């Protein structure tokens, strides 16, 4: 059975100034863990934070964890940050510890996709990705500048 440290923090959603409460995050994390055979060995909570993840007491607690654990489980990556520059430092620390980050909710925003790609390199080379790359290359090869309109490409 895989093991995880679960992390929650009240998550501010800026455009609407709403909050995804820790209680809701816990429910989603517990359901994900149950459905995927994951044992949560420790819960870590932070208050609503606006500072970078490495400045938070809960994140410090994760990074100072000593024990056998497979990954850190969050409801969504945004509970840490939506800034890639801040997340890269956190991910470097998790990599150093041999921990992966897993989100319980699948989001399609750029940060979530970059996180999945970082911690699951096999996703980068999936058959779907290869087909998409091949189709893009075919389109790119067939492009040339239009003589009439230099800024416009035609096939």
Out of the residues in the range 95-114 that are out of contact with any strand residue (DSSP E or B) (no Cβ under 6 Å at 6 or more places or on another chain) and modelled with pLDDT of 90 or more, which is nearest to residue 8 (Cα to Cα)? 104
From the list 126, 146, which residue is surrounded by 10 or more Cβ atoms within 10 Å (Cβ to Cβ), on the phi < 0 side of the Ramachandran plot, in contact with a strand residue (DSSP E or B) (Cβ under 6 Å, 6 or more places away or on another chain) and at pLDDT below 70? 146
Counting only residues that are closer than 14 Å to residue 46 by Cα and either modelled with pLDDT under 85 or exposed (fewer than 13 other Cβ atoms within 10 Å of the Cβ) (or both), the range 11-32 contains a total of 6
Would you confirm, using the coordinates I've provided, whether residue 105 is part of a loop (DSSP other than H, G, I, E, B), touching a helix residue (DSSP H, G or I) at 6+ places or on another chain (Cβ under 8 Å) and over 16 Å from residue 117 (Cα atoms)? no
Residue in the range 47-72 that is surrounded by the most Cβ atoms within 10 Å (Cβ to Cβ), counting only those that are under 16 Å from residue 20 (Cα atoms) and within 18 Å of the chain's Cα centre (by Cα): 49
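The values are calculated or read from the model by the stated rules, or taken from the named source; none is laboratory data. None of these values were measured; they are calculated from a predicted model. Counting neighbours? That spans all protein chains shown, and the Cβs are built from the backbone with ideal geometry, glycine included.
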